[in-house]
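Chemist: Sharing a structure with you now.
Quick note: the coordinates plus some simple rules give every number you see, no bench work behind them. Worth saying up front: this structure is predicted, and the values here are computed from it rather than measured. Please note: Cβ atoms are built from the backbone with ideal geometry, for glycine as well, and neighbour counts cover all protein chains shown.
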Amino acid sequence: MTHVIFDPCIRDGTCADVCLVACIVAGTPEAVWPWYYVDPNNCIDCGDCVAMCPVDAICPAERLPAQYAAALELNARYFRTGPGYPSRP
Ligand code: SF4
Ligand code: SF4
């Protein structure tokens, strides 16, 4: 599966700092994409990010709370048709 970030995300970036495969990125522009997002095609489900989140805003997809179900598609869309990874110099 994948891990998923959802609404309580406060954009502090801690999860992205610990992700070994760098599949978490800050949503850009923030006004349109207010959270950090996980690329479901690259997440290896290691779980390292979960305990690092200060607001419990990231979890395995199968444990995503029902009220945040839409976040699964939003995370995927960010990389499929949204801004995706930042361009590297
Ligand atoms: S579960 Fe692992 S690979 Fe997936 S987003 Fe978290 S740290 Fe990255
Ligand atoms: S650690 Fe939590 S609050 Fe911080 S960017 Fe990641 S999901 Fe968002």
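Chemist: State, to one decimal in nm, how far the label point of residue 56 lies from the label point of residue 18, with both points 7 Å from Cα in the Cβ direction.
Modeler: Output for this residue pair reads 1.6 nm.
Chemist: With only Lys, Arg, Asp and Glu charged, each at its Cβ (+1 for the first two, -1 for the last two), find how big the charge dipole of the chain is about the Cα centre; round to the nearest 20 debye.
Modeler: 260 debye
Chemist: Still on this model: So between residue 7 and residue 69, what do we pick up on full extension, going 0.36 nm a residue minus the alpha carbon distance?
Modeler: Gain on extension, residue 7 to residue 69, equals 21.3 nm.
Chemist: Report the one residue of 57, 8, 26 whose Cα lies farthest in the direction of the positive end of the charge dipole of the chain (charges on C-beta: Lys and Arg +1, Asp and Glu -1; origin at the Cα centre).
Modeler: Working it through, the farthest residue towards the positive pole turns out to be 26.
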